[in-house]
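Notes for the one structure printed next.
The values are calculated or read from the model by the stated rules, or taken from the named source; none is laboratory data. Keep in mind the model is a prediction, meaning the values are calculated, not measured. With ideal geometry, Cβ positions are generated from the backbone for all residues, glycine too; neighbour counts draw on all protein chains shown.
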Amino acid sequence: MAIGFTAPAFAQQKDTVDPQIIRQYAELSKKFDEAYNNNDAAALTACFTADAVLVNDTGPVYGREAIEKHFADVFKQVHVSNHIGQRDQYSPHILGTGNEIWANGEWSLTFQGKSGGPIQAKGHWSAIDTREGDAWKIRMLTWNVTPPPAASPSPTASPSNQ
């Protein structure tokens, strides 16, 4: 007696996204990375829609004006370099009629404050983007930070000599 198993159709389907949308989305990602690496709050904010929401570790930031102030404040405290955003291999995904997409992926960057050495950070992001003319803009962006691996204690370290 043979038992057959058929995977549900949704498990076999993959979004087919027009290569032009992938190129346009890559342009948005490039502008975003460049603006971050130039510590340019205005250029970074230009990647967002007027009604965008940025959700970060301090909570949501509503609207392009507030997002620009947020990034300006960040860049006053730290200098960012090596910002790289990489979309997930299956992203982006078309929403509705094709004028909105959602995507997710990983990010990494280096930042340095006024004192101390550079610090590397990384994490994951997700976004909903909308088409404005021939360009894509970020409507909602959320990100997290992946904690660094716990430091291993040195072989000679003990609670009494730390």
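Condition (residue is among the polar types (S, T, N, Q), closer than 16 Å to residue 138 by Cβ and at pLDDT below 95) applied to region 56-71: is it met by at least one residue?
yes
Just to verify a result, which residue in region 56-95, among those that are surrounded by 15 or more Cβ atoms within 10 Å (Cβ to Cβ) and among the aromatic types (Phe, Trp, Tyr), is nearest to residue 113 (Cα to Cα)?
75
May I ask you to list pairs of residues, at least six apart or on different chains, whose Cβ atoms are under 8 Å apart, with the first in region 11-26 being closer than 15 Å to residue 86 by Cα and the second being at pLDDT below 85 and of a type outside the set (Gly, Ala, Ser)?
24/134
State yes or no: is residue 39 modelled with pLDDT of 95 or more and within 19 Å of the chain's Cα centre (by Cα)? Write out each step before concluding.
Values: modelled with pLDDT of 95 or more: yes; within 19 Å of the chain's Cα centre (by Cα): yes.
Yes; evaluated as a whole, the condition is true for this residue.
A quick yes/no check of all residues on (1) within 27 Å of residue 23 (Cα to Cα); (2) among the basic types (Lys, Arg); (3) within 13 Å of the chain's Cα centre (by Cα):
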residue	(1), (2), (3)
44	yes, no, yes
47	yes, no, yes
61	no, no, no
67	yes, no, no
76	no, yes, no
85	yes, no, yes
91	yes, no, yes
101	yes, no, no
113	no, no, no
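Is it the case that region 34-46 has a residue that's in contact (Cβ under 8 Å) with a residue 60 or more places away in the chain, under 30 Å from residue 117 (Cα atoms), out of contact with any Cys (no Cβ under 8 Å at 6 or more places or on another chain) and among the hydroxyl-bearing types (Ser, Thr, Tyr)?
Among the residues of region 34-46, at least one is in contact (Cβ under 8 Å) with a residue 60 or more places away in the chain, under 30 Å from residue 117 (Cα atoms), out of contact with any Cys (no Cβ under 8 Å at 6 or more places or on another chain) and among the hydroxyl-bearing types (Ser, Thr, Tyr), which makes the answer yes.
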